[in-house]
Structure formats: C-alpha cells, structure tokens
Amino acid sequence: MAKDVIVTGVEQFFGDDEIIVSKTDLKGRITYCNDVFLRIAGYTEKECLGEPHNIIRHPDMPRCVFDLLWGHIQDRREIFAYVVNRCKNGDHYWVLAHVTPSVDNNGDVVGYHSNRRVPDRNILEGVVAPLYADLVAEERRHANRKDGLHSSREMVAGILQERGVPYDEFIAGL
C-alpha cells in the first residue's frame, strides 16, 4: 500500500440488513464484489476486478490482524474479524468480516470469500477501536516493519493468554 494514502476521518455507514460481499483469488486479487461493496467503497466494478483487495485497506488497520486473518484462511479455517476499510475518497467504514476459503470440487482452495456485516457499535467503540489504536501505535513505534508486526502479534497473544481463549473465542465473546 502506498504511504501517501488519503484519509478523511469521515465514517460511512451501510444498512443493518445489507451484506458486503467480495471474493478473491489465492493472491488476494478481487474476482467478485457486490453492489453494496461498490457503493460503500466508492469504486466501480471495473476499478475493482483484478485489483488487490488491499485497495480498501485503511492505514489505521493493524497489520497483525491481517496477519491473523491470512494465517487462518490459508490454513483452510474461517475467521471473523473487525476491520476498518478505506473508501476510494479516503472516508472509512467498519465491518465485522467473516472470511472463508473457497474450495473447488476436488477440495482445493481456489480463493477466498468475505461477507461483511455492520458491527455492533458498543463492541466497536468500547473494545475494538481502542485495541486497534494500541496495536497500530505499537506497529508504528518500530522503525523496522517486521519488528512492529512481531511486537503487535505479541500484544494480541498476551491478551488472548490473559483471557485464556484462542482468537476465535475472543472475537465471539465480545
């Protein structure tokens, strides 16, 4: 992602009855996105198809959460994660994402599928946003990006150890 990403600080919202859907290939390039995705992100289908899914990555999203996400789906497991995404114009929107691997008739993983719903505002504002701010601050505290990622991963591992639950149970219990 380019370092000169524009963010406006303006939050966009979608309806409680709407679901943002996208699919990617194994490298994370968008192969499908629904109308809700296009409307909230501010892109056309032509601008999205074939592009890396991180075109909507917000710079305030902790890298360690994406690291967890990719680890789960590449291990053929589903994952739920709160994600702040960036719109084309720099606005942002929060989602509760459910990401799963897509398999073909032979059982081979051929891509990934993500359904995103409106997150619970109390969980988002009371737990997730402050946690993500701390994780991003830790990641940025290090001059070396790998060191920052390693440190934020350790922060998450410490939280999970303190609560005595794996990541999936932590998210489900929020």
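The values are calculated or read from the model by the stated rules, or taken from the named source; none is laboratory data. If you're wondering where the values come from, they're calculated on a predicted model, not measured in any experiment. As a convention, Cβ positions derive from the backbone with ideal geometry for all residues, glycine included, and neighbour counts pool all protein chains shown. We work out accessible area using only protein heavy atoms, side chains counted, and drop any ligands, DNA or RNA first. Shrake-Rupley method; radii C 1.70, N 1.55, O 1.52, S 1.80 Å.
Separation between the Trp70 and Glu11 pseudo-spin-labels, each 7 Å from Cα along Cα→Cβ, expressed in nm?
For Trp70 paired with Glu11, the spin-label model returns 2.8 nm.
Kindly list the residues of segment 61-78 that lie in the label zone of Glu169, defined by a backbone N under 18 Å from the point 7 Å along the Cα-to-C-beta vector.
78
How do Leu124, Leu49 stack up against each other in accessible area, from largest to smallest, with a 1.4 angstrom probe?
Output order, biggest surface exposure first: Leu49, Leu124.
What order do Leu68, Leu135, Leu26 take when sorted by accessible area (1.4 Å probe), most exposed first?
Largest accessible area first, the residues go Leu26, Leu68, Leu135.
For segment 5-64 and segment 126-173, what is the separation of their Cα centres, given in Å?
Cα centroid to Cα centroid, the span is 23 Å.
How would you rank 51-61, 154-164, highest first, on the average number of other Cβ atoms within 10 Å across their residues?
51-61, 154-164
Per residue, how large is the accessible surface of the chain? Use a 1.4 angstrom probe and give square angstrom.
Result: 56 Å² of accessible area for each residue.
Which entry in (i) 8.9; (ii) 10.5; (iii) 13.9 matches mean projected area of the Cα convex hull in nm² derived from the coordinates of this structure?
Only one option fits the structure, namely (ii).
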